[in-house]
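The numbers here are math on the coordinates, done by the rules we state, and not lab data. All values reported here derive from a predicted model rather than from experimental measurement. Positions of Cβ are backbone-derived with ideal geometry, glycine not excepted, and every protein chain shown enters the neighbour counts.
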Amino acid sequence: MVKSMPQRERRKAALRERILKAARELFVSRGYEAVTMREIADRVGYTATALYYHFPDKVALLHELCRRDFLALQSFFQRLARVADPVERLRRAGLAYVRFGLEHPQHYQFMFMTPYPEPAPHEVDIAQGDPSQDSYAFLRQAVKEAIAAGRFLPQYNDAERVAQMLWAAMHGLVALHLSCRESRWLSWRSTEQTAQWMAAAMLRGMLKESTPAPASAVAKREVGRNQRGKVRA
């Protein structure tokens, strides 16, 4: 009896994952309001009654999806928490945000491109304003540190506005990639490379002239020197 418990728990957890995955896919493709619990149950091959055993209603399912997906995004940011330079942390956070969207397109489309009733922080068990859990707070904190250290030009003194501007730029890039990547009218360049250019250009535009070049620029110069050396050889 004791030995069988972990196996039952694993099956239960696996079914919850299937339910969440099916719900995310349906919410993205058809819209949150249009999807019913019965449709989600049909997608995973279970009855609606079985679905209610795991989630009492669609709102509870939505809240669990939000909790998991936003914490997944935060895990990409949290790897950068030890980067001491706030400007470099911002640059890397922008690239991490884009990487999350490219690696988890379904999650990203659900989180930022699908309308749904926004849950309150306590409903998804995420501490609002805590940079270790709240991805926007992580971004804003880095901006505040850069401002406090005198890294930005005087006019860029509103941490909320700067954070939202940086977020909007990277979101626009990911949204374009997800919405138009199959377009025959455009010759798309590498989204990751474009993200590097965008992050460098935006930060450079706000920084005081005495600020050192971003690490990515230093790396590019090193690559250029190596290539020139090969040509001369």
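Arranged from highest to lowest average of other beta-carbon atoms within 10 Å per residue, in what order do the peptides 47-54, 69-76 appear? Provide the component values of the computation, followed by the final result.
Working: 47-54: 13.8, 69-76: 18.1.
For the peptides 47-54, 69-76, the packing ranking is 69-76, 47-54.
Lys/Arg Cβ at +1, Asp/Glu Cβ at -1, dipole of the stretch 1-56 taken about the Cα centre: which of I40, L20, P6 is farthest positive-ward?
Towards the positive end, the residue furthest out is P6.
Can you tell me how the stretch 1-80 classifies by the Cα gyration tensor, rounded, prolate or oblate, using a/c under 1.5 as the rounded cut? Before the final figure, lay out each step's value.
Numbers: a/c = 2.39, a/b = 1.06, b/c = 2.26.
The shape class here is oblate.
Collect residues whose amide H, placed 1.01 Å from N in the peptide plane, falls under 5 Å from the amide H of L207; neighbours closer than 5 in sequence don't count.
L153
Can you find, among Q196, G172, G129, the residue farthest towards the positive end of the dipole of the stretch 65-232? Put +1 on the C-beta of Lys and Arg, -1 on that of Asp and Glu.
Highest projection toward the positive end goes to Q196.
For the chain, with only Lys/Arg (+1) and Asp/Glu (-1) charged at the beta-carbon, what is the dipole magnitude about the Cα centre, in debye rounded to 20? Working shown, then result.
Numbers: 36 positive and 24 negative charges, 251 e Å.
Dipole size: approximately 1200 debye.
Angle, helix 215-232 long axis vs. longest principal axis of the chain, Cα atoms, 0 to 90°, nearest 10?
Its long axis makes an angle of about 60 degrees.
Go ahead and set up a Gaussian network model of the chain, Cα springs under 10 Å, then flag whichever of Q78, Q109, Q128 fluctuates most.
With Cα springs under 10 Å in the chain, the top fluctuation among Q78, Q109, Q128 is at Q128.
Measure off 7 Å from each Cα along the Cα-to-Cβ vector at N157 and A48, then give the distance between these two points in nanometres to one decimal.
5.8
Can you give the Rg/Rh ratio of the chain, where Rg is from the C-alpha atoms and Rh is the Kirkwood radius? Each step should come with its number before you reach the end.
Details: Rg = 21.8 Å, Rh = 20.4 Å.
For the chain, the value is 1.07.
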